[in-house]
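Asker: One structure is given below, represented as C-alpha cells, and several questions about it will come after.
The values are calculated or read from the model by the stated rules, or taken from the named source; none is laboratory data. Nothing here was measured: the structure is a model prediction, and the numbers come from that model. Here the Cβ positions follow ideal geometry from the backbone for every residue, glycine too, while neighbour counts run over all protein chains shown. Each accessible area value is taken on the protein alone, full model and side chains, heavy atoms only, with ligands, DNA and RNA left out. Shrake-Rupley method; radii C 1.70, N 1.55, O 1.52, S 1.80 Å.
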Amino acid sequence: MKAIRLHGSDAESLRYEAAPRPSPDAGEVLIRVHAAGVTPSELLWAPTSTKANGEPRPRPVIPGHEFSGVVAGLGPDLDGVAVGDEVYGLNDWYRDGAQAEYAVARAAELAPRPRTVDHVHAAATPISGLTAWQAFFEHAHLEPGERVLVHAGAGAVGTFAVQLARWRGARVIATAATGNVEFVRELGAQEVIDYTQDRFEDVARDVDVVLDTVGGETLDRSWDVLRPGGRLVTIAAGSEATTDPRVREAFFIVRADRAQLGEVAKLVDAGSLRPVVARILPLAEGAAAYSVELRGTKRGKTVLRIAS
C-alpha cells in the first residue's frame with residue numbers, strides 16, 4: 001500500500017512511499033481508509049517517538065490517527081462490526097496511524113460514521129470532536145449556564161468546542177484572529193475576542209471553564225480569568241512535559257471511545273455539530289500538510305483524501 005511515513009522526528013522526514021499492508025489481530029478491524037485527518041502537533045507528542053513503555057519507537061511510523069473509511073477485514077473474536085461497514089474513529093497513538101490506504105484499529109476505537117457528511121468531513125471529526133467532548137464533560141464537568149472561554153475558536157478543536165459548549169447551554173466566549181471573528185460567532189460563540197487587537201484577560205472575567213488549545217503565554221495568562229473554583233483544561237503539546245503541577249493536572253491527550261464517537265456522530269447528523277475542513281490534499285501531498293506555510297491561521301482541519 002501507499003502511506004505517509006515519518007523517518008525522523010520532524011516534518012522534513014515525512015515521505016510518501018510504499019509500506020506493508022497491516023493485518024488485523026484478535027479484536028481488530030482492517031480499514032480501507034477514505035480520508036485521514038492531519039494534526040501537525042502530533043509529531044511532537046510522546047507516543048510518536050516512544051513506545052508505551054518509554055522505549056524509543058522504531059522508525060518509520062505512519063502518523064494521522066483519525067480516519068473515515070470502510071471495514072475491509074476482521075480479526076478473530078470480533079462481534080458488532082462487519083465487512084462493508086462505513087466507520088470513523090481514532091486508533092491507538094502508539095501504533096501506525098491512518099495516513100495510508102489501509103489502517104488497523106480496535107473495534108472499541110471506531111463507530112458508524114456520521115451519514116450526513118462525506119468521508120472527508122467525517123475524518124476531520126474524531127480527534128477534535130472527542131477532545132472537546134472529553135475536555136468539557138470528563139475534565140471540566142461543564143454545566144449549562146456556565147461561562148466558557150475557548151482559545152483559538154476557529155481552529156480544529158476550537159470549532160468543535162464552540163459548538164459543543166453552546167449545545168450544552170454554556171455562555172461561550174472565544175478568541176480568534178480578525179478574519180475569523182464573524183465565522184466563530186456563526187459557530188455559536190456569543191462573544192468573540194480578536195486576539196490581534198485585545199488581550200483576552202482584559203475582556204473575559206470570572207470564567208467557569210477555559211479550554212486552552214494554544215499553550216505558552218496564552219496558557220499562563222488564562223489562569224487569571226478563572227473565577228474562584230474555575231477549571232482550566234489544556235491540550236497544548238508543550239504542556240505534556242511540564243513540571244508545573246497545575247498544568248500537569250489540566251493537561252490531557254484525547255483517547256478513542258466508541259460510545260462518545262457515537263454521540264458525536266448523532267450530533268453531526270442532527271446538525272448540532274458541523275465539521276470544518278480547512279483544506280483537502282491527496283495522500284501523495286500529505287507531507288506538505290505539516291509545513292509551516294500550510295498550518296498558518298486557518299479554519300478547521302486539513303484532511304487527506306485517500307479514496308473516493
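Asker: Testing residue 82 on (1) touching a His at 6+ places or on another chain (Cβ under 7 Å); (2) surrounded by fewer than 19 Cβ atoms within 10 Å (Cβ to Cβ), one condition comes back false. Which one is that?
Answerer: Against the list (1) touching a His at 6+ places or on another chain (Cβ under 7 Å); (2) surrounded by fewer than 19 Cβ atoms within 10 Å (Cβ to Cβ), residue 82 comes up short only on (1).
Asker: Now, a different point. Please find, among 110, 44, 130, the residue that is surrounded by fewer than 18 Cβ atoms within 10 Å (Cβ to Cβ) and either in contact (Cβ under 8 Å) with a residue 12 or more places away in the chain or not β-branched (Val, Ile, Thr) (or both).
Answerer: 44
Asker: Given (1) more than 20 Å from the chain's Cα centre (by Cα); (2) within 12 Å of residue 103 (Cβ to Cβ); (3) not polar (S, T, N, Q), where does residue 36 come up short, assuming only one miss?
Answerer: Status for residue 36: all satisfied but (1).
Asker: Identify all residues within the stretch 49-90 that are free of Cβ contacts under 8 Å to residues at least 40 places away in the same chain and either within 16 Å of residue 22 (Cβ to Cβ) or not in a strand (DSSP E or B) (or both); write none if there are none.
Answerer: 53, 54, 55, 57, 58, 70, 79, 80, 82, 83, 84, 85 - these are the residues of the stretch 49-90 that are free of Cβ contacts under 8 Å to residues at least 40 places away in the same chain and either within 16 Å of residue 22 (Cβ to Cβ) or not in a strand (DSSP E or B) (or both).
Asker: Under the condition of being open to solvent by less than 10 Å² (accessible area, probe 1.4 Å) and not in a helix (DSSP H, G or I), which residue from the stretch 113-127 is farthest from residue 266 (Cα to Cα)?
Answerer: 124
Asker: Exactly one of these conditions fails for residue 201: (1) touching a strand residue (DSSP E or B) at 6+ places or on another chain (Cβ under 7 Å); (2) open to solvent by less than 40 Å² (accessible area, probe 1.4 Å); (3) within 25 Å of residue 144 (Cα to Cα). Give me its number.
Answerer: (1)
Asker: Here's another thing I want to ask about it. Within the stretch 31-40, which residues are modelled with pLDDT of 95 or more and open to solvent by 10 Å² or more (accessible area, probe 1.4 Å)?
Answerer: Scanning the stretch 31-40 gives 32, 34.
Asker: Across the stretch 281-301, which residue is modelled with the lowest pLDDT among those that are hydrophobic (A, V, I, L, M, F, W, C) and surrounded by 15 or more Cβ atoms within 10 Å (Cβ to Cβ)? Write out each step before concluding.
Answerer: From the stretch 281-301, those hydrophobic (A, V, I, L, M, F, W, C) are 281, 283-284, 287-289, 292, 294; that's our starting set.
Adding the requirement that they be surrounded by 15 or more Cβ atoms within 10 Å (Cβ to Cβ) leaves 281, 283, 287-289, 294.
Values: 281: 95, 283: 97, 287: 91, 288: 90, 289: 89, 294: 58.
Checked the stretch 281-301; the qualifying residue modelled with the lowest pLDDT is 294.
Asker: Let me ask something else. Of the residues in the stretch 248-263, how many are under 28 Å from residue 222 (Cα atoms) and either aromatic (Phe, Trp, Tyr) or open to solvent by 50 Å² or more (accessible area, probe 1.4 Å) (or both)?
Answerer: Total meeting the criteria: 6.
Asker: List the residue pairs whose Cβ atoms are under 8 Å apart, where the first residue sits in the stretch 241-268 and is under 21 Å from residue 67 (Cβ atoms) and modelled with pLDDT of 90 or more, the second is open to solvent by 90 Å² or more (accessible area, probe 1.4 Å) and part of a helix (DSSP H, G or I), and the two are 6 or more positions apart or on different chains.
Answerer: Filtered contacts from the stretch 241-268: 267/167.
Asker: Scan the stretch 18-41 for residues that are in a strand (DSSP E or B), closer than 22 Å to residue 281 by Cβ and touching a residue at least 40 places away in the same chain (Cβ under 8 Å) and jot them down. It would help to see each step written out before you state the result.
Answerer: Taking the stretch 18-41 and keeping what is in a strand (DSSP E or B), we get 18, 28-37.
So of that shortlist, the ones also closer than 22 Å to residue 281 by Cβ come out as 18, 31-37.
Residues satisfying the conditions are 31, 32, 33, 34, 35, 36, 37.
Listed here are the residues, each with its yes/no results for (1) among the aliphatic types (A, V, I, L, M); (2) closer than 30 Å to residue 190 by Cα.
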site: 49; (1), (2): no, no
site: 73; (1), (2): no, no
site: 107; (1), (2): yes, no
site: 110; (1), (2): yes, no
site: 133; (1), (2): no, yes
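Asker: Still on this model: Please determine, by comparing only the residues of the stretch 211-247 that are part of a strand (DSSP E or B) and more than 19 Å from residue 126 (Cα to Cα), which one is most open to solvent (accessible area, probe 1.4 Å).
Answerer: Filtering the stretch 211-247 for residues that are part of a strand (DSSP E or B) and more than 19 Å from residue 126 (Cα to Cα), the one most open to solvent (accessible area, probe 1.4 Å) comes out as 228.
Asker: Of all residues in the stretch 6-30, how many are of a type in the set (D, E, K, R), out of contact with any helix residue (DSSP H, G or I) (no Cβ under 9 Å at 6 or more places or on another chain) and surrounded by 14 or more Cβ atoms within 10 Å (Cβ to Cβ)?
Answerer: 1
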